[in-house]
Amino acid sequence: MKMTFRWYGKEDTIPLSYIRQIPGMTGIVSAIYDVPVGEIWPLAKIKSLKEEIEKVGLEFKVVESVPVHEHIKLGLSDRDQLIDNYIENIKNLAEAGIEVICYNFMPVFDWTRTQLDKKLADGSTTLVYYQEQLKQMDPETSELALPGWDTSYTKEELNELITKYKLLGEEGLWENLSYFINKIMPIAEEVGIKMAIHPDDPPWKIFGIPRIITNERNLDRFLALYDSEANGLTLCSGSLGCSKENDFVYLVRKFVSRNRVPFAHLRNVKILDNNDFEESAHYSPYGSLNMVDILQAFDDCGFSGYIRPDHGRMIWGETGKPGYGLYDRALGSVYLTGIWETIQRSKEEK
Ligand code: DNO
């Protein structure tokens, strides 16, 4: 396992040199943020990002994300051109030494929460999802924007997209995903890139728009679209794990042992009734997921890929990008590294 940390490039308020000081940290997960979705990332930009990261003594092997243009997901007439651009990005990233590309196929909205600053009993704040609050969040009528969302659309464009997805439905989205996967994977294989799709977060339909990367059955269906190690998953404990339907430890065992998991996001969530959930600290007793069991499963199946701590709470007065402060993510990563070390030690002793 190689521990990594997400960094948002020059706009990120957290200096790379601070990330370097987290014990056990080996690499940065990042992306090119100033090229519009659908366009080609210049090789020079990728190389300069890599140099900046390597200068502080960290590696740059995982990109998160190369976003998929909505017209590819909708299967519109310009998709072939957009897919060609996506393929150029895969080639350029491979040339710069990248090994894994994380992406998602969520229509319009990436990860969705209903409140970003819910105060917990210990005074920290966290991201939560409450169905009651979601009802007030109709994107077609309210002014709504979350940190992970593409905000480059006007209200009218957004509403048009939403209507198109409602008409497309789940099966239409599967068809467009299959079309995309079958075009890009032969190139990913050729240049040695592992593509790692991120599950939908939360893993169920929201705002009447389809979501398909949600559970074991759909992960099986996804992997079968193109049967190759290049076509893999970003196993995200917080996304899949907030549904009671998903047994995350079982999913780790199943997909890691099949060599389809080059990258994982680990964080904890506290599942409440009625599909509500709160993001908790990584520490197992605070959430519904057991990080020891999860890491044990990764190790038992011979995992040698990249892991990053996912969202953290805001603690110690830190402000910044919700979910992406330094302190709690650093605590999370060291906690995970400690569990991993213990697992390795217990094997040596046997
Ligand atoms: C949330 C992240 C996601 C992820 C994308 C991958 O914090 O895990 O936004 O980066 O879904 O494309």
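Screening Asn85, Asn92, Asn104 for residues that are closer than 24 Å to Asp200 by Cβ, polar (S, T, N, Q) and over 17 Å from the mean Cα position of the chain (by Cα) leaves exactly one candidate, Asn85. Ala145 fulfils the conditions (1) within 16 Å of the ligand (Cβ to nearest atom); (2) in contact with a Leu (Cβ under 8 Å, 6 or more places away or on another chain); (3) part of a loop (DSSP other than H, G, I, E, B) except for a single criterion, (2).
Return only the number of the condition from (1) away from the ligand (no atom under 16 Å from the Cβ); (2) in contact with a Lys or Arg (Cβ under 7 Å, 6 or more places away or on another chain); (3) among the hydroxyl-bearing types (Ser, Thr, Tyr) that Tyr130 does not satisfy. Every condition holds for Tyr130 apart from (2). Scanning the range 57-116 for residues that are modelled with pLDDT of 95 or more, in contact with a Leu (Cβ under 8 Å, 6 or more places away or on another chain) and among the hydrophobic types (A, V, I, L, M, F, W, C) turns up Leu58, Phe60, Val63, Val66, Ile72, Leu74, Ala96, Ile101, Phe105. The combined condition, being out of contact with any Ser or Thr (no Cβ under 6 Å at 6 or more places or on another chain), within 13 Å of the ligand (Cβ to nearest atom) and within 26 Å of Pro203 (Cβ to Cβ), is not fulfilled by Pro139. Here Glu216 passes the criteria (1) closer than 22 Å to Val249 by Cα; (2) out of contact with any Asp or Glu (no Cβ under 7 Å at 6 or more places or on another chain); (3) within 16 Å of the ligand (Cβ to nearest atom) except the one numbered (3). Restricting Phe263, Phe207 to those that are closer than 23 Å to Val63 by Cβ and among the aromatic types (Phe, Trp, Tyr) reduces the list to Phe263. For the range 317-350: of the residues being within 16 Å of the ligand (Cβ to nearest atom) and among the hydroxyl-bearing types (Ser, Thr, Tyr), which is farthest from Asn290 (Cα to Cα)? Per the stated criteria, the residue is Tyr324. In the range 1-32, of all residues being of a type in the set (A, V, I, L, M) and under 16 Å from the mean Cα position of the chain (by Cα), the one that is farthest from Gly325 (Cα to Cα) corresponds to Ile32.
Considering the range 198-317, the qualifying helices (runs of 4 or more DSSP H), each wholly inside and each with 1 or more residues that are in contact with a Phe, Trp or Tyr (Cβ under 6 Å, 6 or more places away or on another chain) and surrounded by 20 or more Cβ atoms within 10 Å (Cβ to Cβ), run over 237-240, 248-257, 291-300.
The values are calculated or read from the model by the stated rules, or taken from the named source; none is laboratory data. Just so you know, these numbers come straight off a predicted model, no measurement behind them. Note that each Cβ is placed from the backbone with ideal geometry, even for glycine, and that neighbours are counted across all protein chains shown.
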